[in-house]
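**Q** Take this structure, written in structure tokens, and hold onto it; I'll ask about it next.
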Amino acid sequence: MLDTTFVLAITVGVLTTAGVWLLQQRDMVRTIFGLTLVSHAANLLLLASGVPGWRHEPLLNVTTAADAADPLPQAFVLTAIVISMATTILMLSLAVVGRNDDQERAPTVEDHPDTDGSPAPEPTPEEERA
């Protein structure tokens, strides 16, 4: 009734749609989760397009070379998963360490604790030489 490619296409579409919706949110963590969902959708699309269900394991003693699945998309997806995990961990750690995520509104000069809104003073000649 439901073909495997149809289910995979719907799954990739749902993951991409949810990821794009989360990317458009103002919260930093939701943005990171959205990027992760889009990454998972791309991985699933690459894996589904490169390894059809009717292929066999690429083992020499089990199948012939004509019936074996191409291992290159599997290696690409495995590499992409590792890179995606490292990127997600980096972004989440930056979101935790950051003072605020600047997603509520654009920062202004008054928000900076070292300024009172006046222009910066001109540097002295001694400061310019240093």
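**Q** FRET efficiency for Q74 and T11, Cβ-Cβ distance as r, R0 = 30 Å, nearest 0.05? Please list the in-between numbers first.
**A** On the way: r = 18 Å, r/R0 = 0.60.
Taking R0 as 30 Å, the efficiency between Q74 and T11 is 0.95.
**Q** On a C-alpha basis, how far is the centre of region 81-98 from the centre of region 1-35 in Å? Whole number, if you could?
**A** 19
**Q** With each pseudo-label sitting 7 Å past Cα toward Cβ, what's the V96-T63 distance in nm, one decimal?
**A** It is 4.2 nm.
**Q** Report D for region 1-49 in µm² per second (integer): Stokes-Einstein, Kirkwood Rh on Cα pairs, 20 °C, 1.002 mPa s. Spell out each step's value before the answer.
**A** Numbers: Rh = 11.0 Å.
The estimated diffusion coefficient comes to 194 µm²/s.
**Q** Going by how many other beta carbons lie within 10 Å of each one, how would you line up L8, L94, fewest first?
**A** Values: L8 16, L94 12.
Ascending Cβ contact count within 10 Å gives the list L94, L8.
Rule-based calculations on the coordinates, nothing more; no lab input. This one's a predicted model, so the numbers in the text were calculated from it and none came from an experiment. With ideal geometry, Cβ positions are generated from the backbone for all residues, glycine too; neighbour counts draw on all protein chains shown.
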